Amino acid sequence: MGLFDKKYCDICGSKIGLLGNKKLEDGNMCKDCQRLLSPWFSDRRHSTVEEIKNQLAYREANKAKVTAFTPSQVYGNQTKLIVDEAKGQFLVTRSGNWPAENPDVLDLSALTGYEAAVKVNQTEEKTKNAEGKMVSYDPPQYTYEYTFRTRLLVNNPFFDDMAFEPFRSVKEKSVVVNGRPAAVHQAEYKEIKAAFDEMRAALDGCCACLSYEEPKEEEALAVTIPASAFAAAPAAAGGLTSFAFPSLPRTVSELLTLPGVSLHDPFSVAAMAVAAFCRFSEDRDACFAMIDALKGPQPLSNVDKSFIKDRFMDGKGYIPRSYFEGAVPENDYTPNRPYTIRVTESAHSRDQFDQGYITLYLKSGGADSERPVTLRHKPSTDEWFLWNHTGILAGIRTPKSADPWA
Ligand SMILES: [Zn+2]
């Protein structure tokens, strides 16, 4: 079989274009067939032709349920949870014209639990000083962006959960209280929070709440490192601080053989983590396998995985790309080649070095504050592993092409 041999879709039989092939466990599928699958389904590579055919039959039967569905309650102003109380059914959709999109209609009795969270992402606002340098305000000013998230756990043969953001995020600026910046909620936040609580109460009537989280802005304040801390940062002891990758890794072996990297060097493990996360939007299983390789003794849990999926929802796969040089909102986070990334050490990076931890920092082209990543040392092999990666996934500015206000 040559590289350019024509492939045929094992579902519908049509010819598959050069880049249109979607690999299945035991065959191939075309883009048109993929489009008919449930938007909540993600395990395509491990599905057989038979399983995909079963799902397409289920999806076809779903159309009649969509036609019969009569909304009686709507929760959310972005991705909506819509309930038909008389039939005891619900669907989740982002579309304004959802009857045309064939959203999965589920019985409320299929809900086995839910998780909800209000998350905050904080960025520092800067101003230009007399020399034209960007500096902190005194006292510092922050913008807090709140996102409202829900994850429904469901009994369904083709997917286990539905994670979505029912409300648009809300941005607020810090106000100064007792000489320091503080978060004080305004009307828009209060209104959306009340609607979110109403949705949670409705879900409580159907299934158990497995976790609920609200932001603690005080903690968020504590983890933001002002840029001034980096000016005085010591040069990294040993190890490179800048990495240039000719291409991004697709597999664990490509990841581990990137030029200049080694698990003995925590700086390179941080850079490798960013490169591995870039894989998510194309192949999440390959991405998770690479992250697991970097996490060593403590691989990703299911909770970690759903957090990552949640972070990259709504096409936010550009977040990891933003750490490479040249990637900015204006060019839709398109990095320069080779893919160059700088990993920095701050004055506090080694505060827990004696206990085997180092916290390094990465600069995103879409955020003002540096993002932390913590690595943990394994003395028996003298290797460093990814310990806390959530800073890498924090929200950044919307790329221009996706910004309706651009
Ligand atoms: Zn097909």
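Can you say whether LYS23 is within 16 Å of the ligand (Cβ to nearest atom), assigned to a strand (DSSP E or B) and outside the structural domain of GLY205 (by TED's automatic domain parsing), as far as the supplied structure shows?
yes
Residue-wise test of (1) of a type in the set (A, V, I, L, M); (2) free of Cβ contacts under 8 Å to residues at least 12 places away in the same chain; (3) in the same structural domain as VAL92 (by TED's automatic domain parsing).
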| position | (1), (2), (3) |
| --- | --- |
| LEU300 | yes, no, no |
| PHE312 | no, no, no |
| GLY315 | no, no, no |
| ALA327 | yes, no, no |
| ARG337 | no, no, no |
| THR344 | no, no, no |
| SER349 | no, no, no |
| GLN355 | no, yes, no |
| ILE358 | yes, no, no |
For region 122-139 the number of residues that are in contact with a helix residue (DSSP H, G or I) (Cβ under 9 Å, 6 or more places away or on another chain) and farther than 19 Å from ILE392 by Cα is 2
I'd like to know if region 73-81 contains one or more residues that are out of contact with any helix residue (DSSP H, G or I) (no Cβ under 8 Å at 6 or more places or on another chain) and within 16 Å of the ligand (Cβ to nearest atom). no
*Does region 40-48 contain at least one residue that is within 16 Å of the ligand (Cβ to nearest atom), part of a loop (DSSP other than H, G, I, E, B), over 19 Å from PHE196 (Cα atoms) and within 26 Å of the chain's Cα centre (by Cα)?*
yes
I'd like to know if region 39-58 contains one or more residues that are in contact (Cβ under 8 Å) with a residue 60 or more places away in the chain, outside the structural domain of CYS12 (by TED's automatic domain parsing) and surrounded by fewer than 18 Cβ atoms within 10 Å (Cβ to Cβ). no
With criteria (1) over 30 Å from the mean Cα position of the chain (by Cα); (2) among the aliphatic types (A, V, I, L, M); (3) more than 16 Å from the ligand (Cβ to nearest atom), ALA57 comes up short on (3)
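The rows are residues; the columns are (1) under 18 Å from ASP368 (Cα atoms); (2) not in a strand (DSSP E or B).
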| position | (1), (2) |
| --- | --- |
| THR112 | no, no |
| ALA117 | no, no |
| ASP138 | yes, no |
| THR143 | yes, no |
| ARG149 | no, no |
| PRO157 | no, yes |
| PHE164 | no, no |
| SER169 | no, no |
| VAL176 | no, no |
Looking at the structure I just gave you, is SER72 closer than 29 Å to MET199 by Cα, at pLDDT 95 or above and surrounded by fewer than 18 Cβ atoms within 10 Å (Cβ to Cβ)? yes
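Taking region 255-267, which residues are surrounded by 17 or more Cβ atoms within 10 Å (Cβ to Cβ) and free of Cβ contacts under 8 Å to residues at least 60 places away in the same chain? I'd like the intermediate steps shown before the answer.
Start the filter on region 255-267 by keeping residues that are surrounded by 17 or more Cβ atoms within 10 Å (Cβ to Cβ), which leaves 255, 258, 261, 263, 265-267.
If the condition is that a residue be surrounded by 17 or more Cβ atoms within 10 Å (Cβ to Cβ) and free of Cβ contacts under 8 Å to residues at least 60 places away in the same chain, then LEU255, LEU258, VAL261 are the ones that fit.
The values are calculated or read from the model by the stated rules, or taken from the named source; none is laboratory data. Please read these numbers as outputs of a predicted model, since none were measured by experiment. Backbone-built Cβ (ideal geometry, glycine too); neighbour counts: all protein chains shown.
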